[in-house]
Amino acid sequence: MRVSLLPARLQAALRCPDCREPLTFSQAQHQPDDAGAYGILCCPTHVYPVIDGIPVLRTGRVSVQDHMTGREEVVGPSVAELVSTV
Ligand SMILES: [Zn+2]
């Protein structure tokens, strides 16, 4: 089953973590599979990726961290790189 948009209740509740403005979802032209939603969430000044239906509402890199120490174990892509990929 293809998911074409984020659930409306989720989208209505989302706010930009940086400026608190409402976020608008734009679906990616190419959906890599039928299971998830891919696209971007935008406020007037910030852009965040949505990967497989999961909004990535953060800045910096999306890395794997040790849960006990917070130490970065695997350096991941930046949010800007994810946005350009979607
Ligand atoms: Zn913002």
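The values are calculated or read from the model by the stated rules, or taken from the named source; none is laboratory data. Bear in mind the structure is a predicted one, so any value in this text is a computation, not a measurement. Cβ placement follows ideal geometry from the backbone for every residue including glycine, while neighbour counts extend to all protein chains displayed.
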Original post:
Can you name the residue in segment 13-46 that is among the hydroxyl-bearing types (Ser, Thr, Tyr) and surrounded by 11 or more Cβ atoms within 10 Å (Cβ to Cβ) and, of all such residues, is nearest to the ligand (Cβ to nearest atom)?
Top reply: THR24
Original post:
Is there a residue in segment 13-29 that is in contact with a strand residue (DSSP E or B) (Cβ under 6 Å, 6 or more places away or on another chain), part of a loop (DSSP other than H, G, I, E, B) and not basic (Lys, Arg)?
Top reply: yes
Original post:
Looking at segment 60-67, is at least one residue touching a Lys or Arg at 6+ places or on another chain (Cβ under 9 Å), surrounded by 12 or more Cβ atoms within 10 Å (Cβ to Cβ), more than 24 Å from GLN11 (Cβ to Cβ) and of a type outside the set (Ser, Thr, Tyr)?
Top reply: yes
**OP:** Name every residue in segment 74-86 that is over 11 Å from the mean Cα position of the chain (by Cα) and either outside any strand (DSSP E or B) or surrounded by 11 or more Cβ atoms within 10 Å (Cβ to Cβ) (or both), in order of residue number.
**Re:** VAL75, GLY76, PRO77, SER78, GLU81, SER84, THR85
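To keep it simple, each residue is scored yes or no on (1) at pLDDT below 90; (2) in contact with a Gly (Cβ under 9 Å, 6 or more places away or on another chain); (3) not β-branched (Val, Ile, Thr).
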site	(1), (2), (3)
CYS43	no, no, yes
PRO49	no, yes, yes
GLY70	yes, no, yes
GLY76	no, no, yes
**OP:** State all residues of segment 34-63 that are among the aliphatic types (A, V, I, L, M) and not in a loop (DSSP other than H, G, I, E, B); if no residue qualifies, say none.
**Re:** ILE40, LEU41, VAL47, VAL50, ILE51, ILE54
